[in-house]
1. Could you please let me know if Ala40 is crowded, with 19+ Cβ neighbours inside 10 Å, at pLDDT below 85 and on the phi < 0 side of the Ramachandran plot?
2. Report, by residue number, each residue of the stretch 411-458 that is among the polar types (S, T, N, Q), in a helix (DSSP H, G or I) and free of Cβ contacts under 8 Å to residues at least 60 places away in the same chain.
3. Just one of Ala426, Ala434 is surrounded by 18 or more Cβ atoms within 10 Å (Cβ to Cβ), modelled with pLDDT under 85, in contact with a Lys or Arg (Cβ under 8 Å, 6 or more places away or on another chain) and on the phi < 0 side of the Ramachandran plot; which is it?
4. Run down Lys105, Lys69 and say which single residue is open to solvent by 20 Å² or more (accessible area, probe 1.4 Å), among the charged types (D, E, K, R) and under 26 Å from Arg344 (Cβ atoms).
5. Considering only residues that are open to solvent by 70 Å² or more (accessible area, probe 1.4 Å) and of a type in the set (Ser, Thr, Tyr), look in the stretch 189-217 and name the one that is nearest to Gly238 (Cα to Cα).
6. Is one or more of the residues making up the stretch 247-259 buried (at least 21 other Cβ atoms within 10 Å of the Cβ), touching a Cys at 6+ places or on another chain (Cβ under 7 Å) and either modelled with pLDDT of 95 or more or not hydroxyl-bearing (Ser, Thr, Tyr) (or both)?
7. Hey, could you check the stretch 46-66 for residues that are in contact with a Lys or Arg (Cβ under 8 Å, 6 or more places away or on another chain) and among the charged types (D, E, K, R) and say which is most open to solvent (accessible area, probe 1.4 Å)?
8. Kindly check whether there is at least one residue in the stretch 288-303 that is surrounded by fewer than 17 Cβ atoms within 10 Å (Cβ to Cβ), more than 17 Å from Val200 (Cα to Cα) and modelled with pLDDT of 95 or more.
Amino acid sequence: MRVNARLLIVDDDAALLDLLETDLTRRGFEVRTCRRADEAAKRMVEFECDAVLTDLNMPGMSGVELCRKIAETRRDVPVVVITAFGSMDAAVSAIRAGAYDFVTKPIELDLLTLVLERAVKHRRLGAQVRLLEERLDRADTFERLIGESDAMRTLFDRIARIANSDASVLITGESGTGKELIARALHERSARKSGPFIAVNCAAVPETLLESELFGHVRGAFTDAKKARKGLLQEAHGGTLLLDEIGDLPLGLQPKLLRVLEERCVRPLGETQSVPIDIRLLASTHQDIEAAVEEGRFRQDLFFRINVIQLEAPPLRERGGDILLLAQRFLQEFAARARKEIERLSESFAERLLAYPWPGNVRELRNAMERAVALTRLNELTIDDLPDRIREHKPTTMPVWGEGAESLISMDALERRYIVHVLHAAGGNKTRAARILSFDRKTMYRKLEHFGITESEFSL
């Protein structure tokens, strides 16, 4: 066992006690032993253990009674009970009394080690859950962005360094990663914070209306233009304009936007004179925009103009413990809104959150937490409150080796499998996957064509 763990073993069988102490010490546990349950209850005051392993049938206080006492006084310490083979009634009684898990005699030491390691992990996760509120107070210091992971600390540092610049910023990342929050943080930390922050989703506005939305129009410029209207480029004067999902900006509008950015003037539809504007442009996209440039769907000159500085919003699956920080924040928000007194996430609930890959990122987590708060009838969230896809998720691996010659694969098959694996891990972003694989873009596309890899194989 790689991590140090402290274990208290309780059994009146001296020979078994010695065997367990010797073997589990060799496996990395720091072990203390007791022959009686009442003695163990006293020993826990002076020995801060990570788990208890106890027999059920002992003179004096029984193992079930010990489970009950520990559940009442030290709920954070998991208890694993040893029961005779076939004595399921005793095991069930122990679980009801608060035991974490059980093993049967004769004891398989490898299996026992796995159970104990799981119990230790369970306890440490529980401690992490209990510290979430305190950690939230420390972590919630960067506008509305929350995170303590290395990826988020790096992002916070870059935002702080470029916030006061007027350079255009391209914010990339998968859907649901919080790209608009990053844009708002840039605005709030800039000298433009007293000016407007205007956001428009280029994918949500029909192409026929988008030009008018951005550039504005004079009365009579087109059939329904019954009065003049300022465009968003003018409304953002003195502040910040975010073009969300800029990868969906129609080709016909791209040269017009480029001219605005270069000349710092905008000409409303039907107007003969240009109007000066002072804006900082931020753009965001979940698409592989460099691929769009190569495929002719996005102008290269506009790409260079908006991509002066690039920030990447990390996917939630790469942010580790931030998942629980965000979950706790959403718990507080939705519980207050629903007027429910929900104290915490259960350990099993937190384990499921950490095991799930979150293809929908923070947006999906927020949705799952809103659902859990709405459904729960308890003062803590349990796995029964999670959607099936999260509760039943099984982590996947990429097998390479086979047991026999008939199951081994060719180098081509191995390379193809690994490229798909990296593309999936990169959220389908070919540019990012190419960087991980140390391919240039031409090599990446050549490999995709050579192996016949389709987007459906790696899209989340």
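1. It is false that Ala40 is crowded, with 19+ Cβ neighbours inside 10 Å, at pLDDT below 85 and on the phi < 0 side of the Ramachandran plot.
2. Matches in the stretch 411-458: Thr443, Ser456.
3. Ala426
4. From the options Lys105, Lys69, the qualifying one is Lys69.
5. So the residue we want is Ser194.
6. yes
7. Glu48
8. Yes: the stretch 288-303 contains one or more residues that are surrounded by fewer than 17 Cβ atoms within 10 Å (Cβ to Cβ), more than 17 Å from Val200 (Cα to Cα) and modelled with pLDDT of 95 or more.
The values are calculated or read from the model by the stated rules, or taken from the named source; none is laboratory data. As the structure is a computational prediction, the values presented were derived from the model and not from experiment. Methodologically, a virtual Cβ is constructed for each residue, glycine included, from the backbone with ideal geometry; neighbour enumeration extends over all protein chains shown. Protein only, heavy atoms only, side chains kept; ligands, DNA and RNA dropped before computing areas. Shrake-Rupley method; radii C 1.70, N 1.55, O 1.52, S 1.80 Å.
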